[in-house]
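The values are calculated or read from the model by the stated rules, or taken from the named source; none is laboratory data. Owing to the predicted nature of the structure, the values given are computational and were not obtained by experimental measurement. Because the Cβ atoms are built from the backbone with ideal geometry, glycine has one as well, and the counts that use them run over all protein chains shown. Remember, those area values only see protein heavy atoms, side chains included, never the ligands or the DNA or RNA. Shrake-Rupley method; radii C 1.70, N 1.55, O 1.52, S 1.80 Å.
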Amino acid sequence: WQWTHFRDTKQDFDVSGTYTITFNADGTAAVVADCNTGSGTYEVFGGAGLSISIRAVTAAACPPGSLGQAFVENLNFAGLFAVNGNVLTIELMADGGTMTLVASP
């Protein structure tokens with residue numbers, strides 16, 4: 001899934017660059033956060049609850065303006081999700097915002 005948009009009470013912007021998450025069938029997840037990669041786990045609760053824990057991330061210095069750290073931090077605050085066609089929406093806990101991702105080809 002490719003991160004394409006973020007919205008919260010203070011900002012609303014499209015995301016460009018390489019920010020992806022892959023959910024594997026065994027409960028593991030892999031991320032590409034700009035110039036870094038990482039891994040962790042995820043769990044689905046009921047029909048709409050989502051918990052993501054990305055803990056192992058490389059520490060390369062990404063260029064100015066990178067959203068790599070924010071991408072991983074936001075994923076770790078996932079609370080609810082919905083899939084509509086090829087669009088995944090992740091609602092962050094504590095009104096932290098909404099991440100929109102599209103299915104990677």
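If the requirement is being in contact with a helix residue (DSSP H, G or I) (Cβ under 6 Å, 6 or more places away or on another chain) and at pLDDT 95 or above, which of these qualifies: Gly79, Gly97, Gly40? Even if it seems obvious, please write down each step before you answer.
Details: Gly97 fails: in contact with a helix residue (DSSP H, G or I) (Cβ under 6 Å, 6 or more places away or on another chain); Gly40 fails: in contact with a helix residue (DSSP H, G or I) (Cβ under 6 Å, 6 or more places away or on another chain).
Result: Gly79 is the single residue among Gly79, Gly97, Gly40 that is in contact with a helix residue (DSSP H, G or I) (Cβ under 6 Å, 6 or more places away or on another chain) and at pLDDT 95 or above.
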Hey, Gly79 hits all of (1) in a strand (DSSP E or B); (2) open to solvent by 30 Å² or more (accessible area, probe 1.4 Å) but one; which does it fall short on? (2)
Given the conditions (1) open to solvent by less than 20 Å² (accessible area, probe 1.4 Å); (2) not in a strand (DSSP E or B), report the number of the one that Ile90 does not fulfil. (2)
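In the range 1-61, which strands (runs of 3 or more DSSP E) lie fully inside it and hold 1 or more residues that are more than 16 Å from Gly79 (Cβ to Cβ), open to solvent by 50 Å² or more (accessible area, probe 1.4 Å) and in contact with a His (Cβ under 7 Å, 6 or more places away or on another chain)?
Working: elements: 2-7, 12-14, 19-23, 28-33, 36-45, 49-57.
Answer list for the range 1-61: 12-14.
Answer with yes or no whether Gly65 is open to solvent by 40 Å² or more (accessible area, probe 1.4 Å) and among the small types (Gly, Ala, Ser).
Details: open to solvent by 40 Å² or more (accessible area, probe 1.4 Å): yes; among the small types (Gly, Ala, Ser): yes.
Against the criterion (open to solvent by 40 Å² or more (accessible area, probe 1.4 Å) and among the small types (Gly, Ala, Ser)), Gly65 qualifies.
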I need every pair where a residue in the range 74-103 that is over 10 Å from Leu50 (Cβ atoms) has its Cβ under 8 Å from the Cβ of a residue that is of a type in the set (Lys, Arg) and open to solvent by 70 Å² or more (accessible area, probe 1.4 Å), sequence separation at least 6 or different chains. Gly97/Arg7; Thr98/Arg7; Thr100/Arg7
